[in-house]
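K.L.:
Could you have a look at this structure, given as structure tokens, before my questions?
The values are calculated or read from the model by the stated rules, or taken from the named source; none is laboratory data. Keep in mind that what you see is a predicted model, and the values were worked out from it rather than measured. Quick reminder, even Gly has a Cβ in these numbers, built from the backbone with ideal geometry, and neighbours come from all protein chains shown. To get the accessible areas, we keep the full protein, side chains included, count just its heavy atoms, and leave off ligands, DNA and RNA. Shrake-Rupley method; radii C 1.70, N 1.55, O 1.52, S 1.80 Å.
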Amino acid sequence: MSTAIIGTLYAGATLGAMLAGIPIAFALGAVALVFMLAFMPGASLDTVAQNVYEEMASITLLSIPLFILKGAAIGRSKAGQDLYSAMHAWMHKIPGGLGIANVFACALFAAMAGSSPATCSAIGSAGIPEMRRRGYSGGFAAGIIAAGGTLGILLPPSITMILYAVAAEQSLGRLFLAGIGPGLLLVLLFAAYAAWRFRREFATARAAYVTGGPEHPILAEDRYSMAERFSTLPRVLPFVVLLTGVMVALYGGYATPSETAGLGGLLALALIAAIYGVWRARDVSPILIATLRESTMLMLIIGMSLLYAYVMSYLHISQAAAAAIVAMHLSPWLLLLTILLLVVGLGFFLPPVSIILMTAPIILPPLREAGFDLVWFGVVMTITMEMGLIHPPVGLNIFVIKNIAPDIPLSEIIWGTLPFVILMAVAILVLCVVPGIALWLPDLLLPSTK
């Protein structure tokens, strides 16, 4: 049987298993085992556990549960609400300042937690009710939080970046640094849109009021004294110091990523104990259980994805697919466009973790052959996968928002996120024109040895 037929059967079986509702980890593992039985030597089954263990025995992957612990500690405390309150107090005079404050709060929290759903939940639980109380439309408020939450997989420490570093065999430090510039670009684009959209809604409400309509809540003006502004800082600054300290330890060469993750997790637990009194067993156990549950789920997906990729490689499916792409003789930019459209399509059904581990063996060799910097591509791919977090049918952040704001119709949430999907596409175009936005910082601090 030809490699093309086997590859088609492999892809079809995978799609069928996922459409049947089988959890991703079990779907990938089951398909891999079936094809091992059918097309590989019987002795290969004896090495499944060994192969999976060897692939997962990476010191880089060790940092994932530790970063999850840090995110769970911060996300399950009141740190998100305090961060949001501080940003709101300092930015309330800017037109659309409440929406912009939510964008910046999401960015800072994402950088501390490294998790998109945790950012949506922590900031959205306080931000969405407050924005709606101030007259923001439901879709606008939901879109800001859903899009802001996606920054969790771009700004360091990003679990998605960790997995890409393993799959692409790239420096994790360079990838983390490369995500900072594009992350700030997205923050600015989101903030600019929030200000523009606020002006539109404000103008509409103002026109209705002038013509005799009721006064809309969006027309109300907040006032904070300087004392009130400074009173919001004591609970926020320790976490900002934590973020800064972790970044200095990592990029200053004082600690490895795994050591940095462990340090961040322990310091986060210490901070929530000191600031919020979360130190008793009944308070800490939900954090540890959430960490264990998410880490187990994620590591199981990683393990089965690596087995899935191993079978693809053994059967020469990934090599043949990569060779077929190269044989099309596409121009470099058309090749990039084709691959990004593939990632967008997969984003309709799969989370970023699975997309990276399933596609890396196929898409990275042609991109390397075409001369693309794989660190730069990792950032572009991450932004493309961010789009998948907020577009239907399986946009994870959409359902997180629906869970914390059940009164907002799902259709309204989806329409509210679409402008941010467009802004992400704009950011990708900007990075294609000016790749230095992603590469200047890693080239400055961690120059490549290649």
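K.L.:
Name every residue in the stretch 69-83 that is without any contact (Cβ under 8 Å) to a residue 60 or more places away in the chain and open to solvent by 10 Å² or more (accessible area, probe 1.4 Å), in order of residue number.
P.N.:
Answer for the stretch 69-83, where residues must be without any contact (Cβ under 8 Å) to a residue 60 or more places away in the chain and open to solvent by 10 Å² or more (accessible area, probe 1.4 Å): Gly75, Gln81.
K.L.:
Looking only at the stretch 346-360, which residues are open to solvent by less than 40 Å² (accessible area, probe 1.4 Å) and either of a type outside the set (S, T, N, Q) or over 30 Å from Asp46 (Cβ atoms) (or both)? So that I can check it myself, show each step before the final result.
P.N.:
Initially, the stretch 346-360 is screened for residues open to solvent by less than 40 Å² (accessible area, probe 1.4 Å), giving 347, 350, 352-360.
Selection gives Gly347, Leu350, Pro352, Val353, Ile355, Ile356, Leu357, Met358, Ala360.
K.L.:
Also: Would it be correct to say that Gly212 is surrounded by fewer than 21 Cβ atoms within 10 Å (Cβ to Cβ), of a type outside the set (A, V, I, L, M), out of contact with any Asp or Glu (no Cβ under 8 Å at 6 or more places or on another chain) and over 30 Å from Leu306 (Cβ atoms)?
P.N.:
Values: surrounded by fewer than 21 Cβ atoms within 10 Å (Cβ to Cβ): yes; of a type outside the set (A, V, I, L, M): yes; out of contact with any Asp or Glu (no Cβ under 8 Å at 6 or more places or on another chain): yes; over 30 Å from Leu306 (Cβ atoms): yes.
Yes, satisfied.
K.L.:
For the stretch 86-109, how many residues meet the condition of being outside any loop (DSSP other than H, G, I, E, B) and modelled with pLDDT under 80?
P.N.:
1
K.L.:
Give the stretch 404-439 a look and list any residue that's within 22 Å of the chain's Cα centre (by Cα), open to solvent by 70 Å² or more (accessible area, probe 1.4 Å) and in contact (Cβ under 8 Å) with a residue 60 or more places away in the chain, or say none.
P.N.:
Trp415
K.L.:
If you don't mind, another one. Please go through the stretch 236-289 and give me each residue that is polar (S, T, N, Q) and either closer than 24 Å to Cys106 by Cβ or more than 23 Å from the chain's Cα centre (by Cα) (or both), ordered by number.
P.N.:
Thr244, Thr260, Ser285
K.L.:
Follow-up. Tally time: how many residues in the stretch 50-68 are outside any helix (DSSP H, G or I) and either surrounded by 24 or more Cβ atoms within 10 Å (Cβ to Cβ) or more than 22 Å from the chain's Cα centre (by Cα) (or both)?
P.N.:
The qualifying residues number 1.
K.L.:
Could you count how many residues in the stretch 274-299 are open to solvent by less than 20 Å² (accessible area, probe 1.4 Å) and of a type outside the set (S, T, N, Q)? Spell out how you get there, then give the answer.
P.N.:
Restricting attention to the stretch 274-299, the residues satisfying the condition of being open to solvent by less than 20 Å² (accessible area, probe 1.4 Å) are 287, 290-291, 295, 298.
Add one more test, that the residue is of a type outside the set (S, T, N, Q), and what stays is 287, 290, 298.
Selection size over the stretch 274-299: 3.
K.L.:
Only one of these conditions is not met by Ala220: (1) open to solvent by less than 50 Å² (accessible area, probe 1.4 Å); (2) farther than 30 Å from Glu386 by Cα; (3) small (Gly, Ala, Ser). Which number is it?
P.N.:
Of everything listed in (1) open to solvent by less than 50 Å² (accessible area, probe 1.4 Å); (2) farther than 30 Å from Glu386 by Cα; (3) small (Gly, Ala, Ser), Ala220 misses just condition (1).
K.L.:
Being in contact (Cβ under 8 Å) with a residue 60 or more places away in the chain and surrounded by fewer than 16 Cβ atoms within 10 Å (Cβ to Cβ) is the filter here; which residues of the stretch 300-345 pass it?
P.N.:
His316, Trp333
K.L.:
Report every pair of residues separated by at least 6 positions or lying on different chains whose Cβ atoms are under 8 Å apart, first residue within the stretch 151-165 and surrounded by 24 or more Cβ atoms within 10 Å (Cβ to Cβ), second acidic (Asp, Glu).
P.N.:
What qualifies is Leu151/Glu386; Ile153/Glu386; Leu154/Glu386.
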